[in-house]
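Each remark here refers to the structure printed beneath this line.
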Amino acid sequence: MDGGTVQLTDAWRLSPERRRHRRGGWLTVVLAVAVGVTSFVLYRDYRITLGYEQVLPGQLPYLVLAVATAVVFGMLALFVNLAYRDALQREHAQRWRVDEAKQQLDRAEEAADKRGPMDLTVLWMVTQRRLDYYHALATSQAERSFHQAQRSMAVGFAVLVIAVVVVACTGSLVVTITAAVVGVIGAALAALLGRSFLRTQEATAERLRLYFEQPFAFSRQLSAERLLILLEAEDRAAAVRDLIRAVMTMQLEPVEPVKRGRHSSVPD
């Protein structure tokens with residue numbers, strides 16, 4: 001385990017996200033107990049025993065069914081709580097990476113202020129720290145947008161399934177029409193939100209591609225500089241001027257636009 005992982009683990013133990021997860025865990029326990037007590041009362045009042053009254057005396061059948069109901073609910077709630085913890089850990093890791101990049105940028109800017117604005121080494125370091133900070137922000141936004149899009153689509157699908165079940169199980173025309181309208185509107189709204197988040201994720205991914213292309217462009221420039229020593233002295237000055245001109249006017253190749261279609265999420 002490297003130092004960054006250890007620091008991230010230590011920061012997670014003291015983070016507000018972990019406190020939120022612990023509160024969610026205690027809430028899960030309270031809800032499981034409440035479900036058990038409520039189930040016991042309902043089973044007893046409505047005489048629901050599932051045949052256990054033949055082998056268990058008194059109110060033990062109701063108690064056994066209530067405990068079983070609470071255990072099933074607790075298992076489902078546990079899976080939800082684990083998924084919630086994973087989401088909180090991702091959120092904390094993203095925030096921690098952004099904060100680390102911001103702190104490195106602040107230290108680089110302080111060093112630049114102390115050594116003067118004309119120090120090329122310091123300026124290069126500050127520029128790299130700014131790029132790292134922007135990369136951390138862009139990565140965090142891309143991951144957040146992607147997960148939000150997934151949640152929106154899942155919610156829309158769940159609303160649609162619930163509406164279909166209600167329509168299938170209800171004989172009332174008014175309830176059927178209302179459930180159908182709510183299901184269609186909910187699914188359309190979730191699709192719209194998911195599409196918006198996917199647009200943000202696509203734009204961020206394109207900026208990340210530009211970020212990762214920079215080292216390759218810089219390596220080509222360094223290769224050209226190393227090849228200058230192979231030139232004759234009278235040709236070297238002209239080659240240096242050409243190299244400087246190429247560096248100053250170099251632009252990344254334009255990205256081929258994604259063709260728009262019925263299912264395209266590229267904005268106008």
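Computed from the coordinates by the stated procedures, all read-outs in this text should not be read as laboratory data. Since we're looking at a predicted model, the values are computed, not measured. Cβ atoms come from the backbone with ideal geometry, glycine included; neighbour counts cover every protein chain shown.
List of remarks:
- Extended-chain gain in nm, criterion 0.36 nm per residue less alpha-carbon gap, Glu53 and Arg13: 9.5 nm
- Peptides 98-108, 22-32 ranked from most to least packed, by the mean per-residue count of other Cβ atoms within 10 Å: 98-108, 22-32.
- For Asp86, Asp132, order by how many other beta-carbon atoms lie within 10 Å, fewest first: Asp86, Asp132
- Length gained on full extension, Asp235 to Ser196, computed as 0.36 nm times the residue gap minus the Cα-Cα distance: 8.6 nm.
- Once divided by 2.2 N^0.38 Å, the Cα radius of gyration of the stretch 1-93 becomes 1.59.
- For Phe79 and Phe157, a Förster radius of 25 Å and the Cβ-Cβ distance give a FRET efficiency of 0.85, rounded to the nearest 0.05.
- Peptide ranges 141-152, 40-51 listed from the most packed, as the mean C-beta count within 10 angstrom indicates: 141-152, 40-51
- For the pair Lys102 and Arg115, label points projected 7 Å from Cα toward Cβ lie 2.5 nm apart.
- Charge tally in the Cβ shell below 14 Å around Leu193, where Lys, Arg are +1 and Asp, Glu are -1, Leu193 excluded: +4
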